[in-house]
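No lab work stands behind these numbers, since they all come straight from the coordinates. Keep in mind that what you see is a predicted model, and the values were worked out from it rather than measured. Cβ: placed from backbone, ideal geometry, glycine included. Neighbour counts: every protein chain shown.
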Amino acid sequence: MEKISWVTHPQYDIPLPENHRFTSSKFSDLYKELKTRDFSKNAVILKPKKASVEDLEIVHDKEYILKIKNGTLSEKEIRRLGFKWSKILSNRSFLAVNGTLLTCEEALKNNVACHMAGGTHHAHKSYGAGYCVMNDLSYASKKLIKNNIVNNILIIDLDVHQGDGTAEILKNDKNIFTCSIHCKNNFPFRKCKSDLDIELDDNIIDYEYLEVLNKTLDLCLKNFNPDLVIYDAGVDVHENDKLGNLKLTSNGILARDKKVISYFKNKSIPVATVIGGGYSDNNLELAKRHSIIFQAVDEIYN
């Protein structure tokens, strides 16, 4: 096949205090890790341009967008978001949403594409939360449909946390189907209603998770026919993740990702991937976990 598109930007990293639970360099760490892997020769690197305020109004209130642009969040809004405002944070937020949109466009051209960021599924219409500023999954989906590029989109969210912001923003969009497989006893503690929510008990291991996944993929397509899948391949399901309660191994995550990619490849449905959540004090270990989806895509397509 043609080279697989990898989307990233050198301005994705953000400044954070020491010991912050979010790894501020995770995006450049992932890029460096991927460049060491043999399969990087099968990829082409693309960079997004910034979205405009008007672009983002398709999913977010203008007042909130301007607060992010101009740095006028209240202390309460900053606590809920989990990040202090900075020009760098603002800039990367307007870049990353278009990074996911660009990844979707590349997937539609070439059957698959991967974003080295994205999956900011806790961002709601009028506020950010859980380290998520803008909701890239909702934004990319609504832009593609508004521009008549596709008719139906399936969002498969396998982050350990429920995609509450995505579910709430898209609850009235009948041509976007939201599916979240997540840990029941984890953030957010007030869940929103996706089109399909699968709640998992703590400490589920590889084979148990994969059984649930197999059934869930079939359920998604039972009554919905997508032109594109956006796949949130969060690695906070890993047994060593700081904020996850599940027990998947790295091999289990690779099997999960290969299952998702191969399932839709066999049905000739393009897939755009985003990295979602992952939390570790070891930057290299986290980068290796996030690289798994890129490895899975390469193994399925090459």
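If you keep only loop residues by DSSP, which trypsin sites (Lys or Arg not before Pro) in the stretch 114-216 have at most 12 other Cβ atoms within 10 Å of their Cβ? Spell out each step's value before the answer.
Values: sites: 125, 142, 143, 146, 171, 174, 184, 190, 191, 193, 215; in loops: 125, 171, 174, 184, 190, 191, 193.
For trypsin sites (Lys or Arg not before Pro) across the stretch 114-216 that sit outside H, G, I, E and B with at most 12 neighbouring Cβ atoms in 10 Å, the list reads 174, 190.
Skipping prolines and chain starts, which residues have an amide H placed within reach, meaning under 5 Å, of the one on residue 7, given they are 5 or more residues away or on another chain?
46, 114, 115, 116
Could you tell me the distance between the Cα centroids of the stretch 7-40 and the stretch 110-185, to the nearest Å?
Rounded to whole Å, the Cα centres lie 21 Å apart.
Relative to the present Cα-Cα distance, how much length would full extension add between residue 193 and residue 227 at 0.36 nm per residue of separation?
Details: separation 34, 0.36 × 34 = 12.24 nm, distance 2.28 nm.
Length gained, residue 193 through residue 227: 10.0 nm.
Just to compare against my own numbers: the Cα pair-distance distribution for the chain, 10 Å bins, whole % per bin, please.
7, 31, 40, 20, 2
Please report how many Lys pairs in the stretch 66-122 have alpha carbons closer than 15 angstrom, counting only residues at least 8 apart along the chain or sitting on separate chains.
6
Fewest to most neighbouring Cβ within 10 Å: what's the order for 220, 104?
Details: 220 21, 104 29.
Fewest-to-most Cβ neighbours within 10 Å comes out as 220, 104.
Only sites in a loop by DSSP and with at most 16 other Cβ atoms within 10 Å count here; which trypsin sites (Lys or Arg not before Pro) in the stretch 78-119 make the cut? Could you put the intermediate results ahead of the total?
On the way: sites: 79, 80, 84, 87, 92, 109; in loops: 84.
Answer by residue number: 84.
If each of residue 184 and residue 76 carries a label point 7 Å out from its Cα toward its Cβ, how far apart are those two points in nm?
3.2 nm
With a point put 7 Å past each Cα toward its Cβ, work out how far residue 32 is from residue 91 in nm, to one decimal.
Computed distance between label sites residue 32 and residue 91 equals 2.0 nm.
Would you mind ranking 38, 195, 173 by Cβ crowding within 10 Å, fewest neighbours first?
On the way: 38 8, 195 19, 173 15.
Sorted ascending by nearby Cβ count, the order is 38, 173, 195.
Return 183, 114 ranked ascending by Cβ neighbour count within 10 Å, so the fewest neighbours appear first. Spell out each step's value before the answer.
On the way: 183 22, 114 27.
Least crowded to most crowded, the residues run 183, 114.
Going through the stretch 155-260, which chymotrypsin sites (Phe, Trp or Tyr not before Pro) have at most 16 other Cβ atoms within 10 Å and a DSSP loop state? Write out the running numbers ahead of the final one.
Numbers: sites: 177, 189, 207, 209, 224, 231; in loops: 189, 224.
For chymotrypsin sites (Phe, Trp or Tyr not before Pro) across the stretch 155-260 that sit outside H, G, I, E and B with at most 16 neighbouring Cβ atoms in 10 Å, the list reads 189.
Comparing 201, 164, 236, which has the greatest mean-square fluctuation in the GNM of the chain with Cα pairs linked when under 10 Å apart?
201
Full extension from residue 47 to residue 149: what is 0.36 nm times the residue separation minus their Cα-Cα distance, to one decimal in nm? Intermediate values should be presented prior to the final figure.
Numbers: separation 102, 0.36 × 102 = 36.72 nm, distance 2.06 nm.
Going from the current span to full extension adds 34.7 nm.
Modelling each spin label as a point 7 Å along the Cα-to-Cβ direction, I'd like the residue 249/residue 205 distance in nm, to one decimal.
Placing both labels 7 Å beyond Cα along the Cβ direction yields 0.9 nm.
Please turn the phi angles of the stretch 207-215 into ³J(HN,Hα) values with the Karplus equation 6.51 cos²θ - 1.76 cosθ + 1.60 (θ = phi - 60°), one per residue in order, whole Hz, x for glycine and proline.
Along the stretch 207-215, the couplings run 5, 5, 4, 5, 4, 4, 4, 4, 5 Hz.
Roughly speaking, what is the stretch gain from residue 240 to residue 285, that is 0.36 nm per residue apart minus the C-alpha to C-alpha distance, in nm to one decimal?
On the way: separation 45, 0.36 × 45 = 16.20 nm, distance 0.98 nm.
Difference between extended and current length: 15.2 nm.
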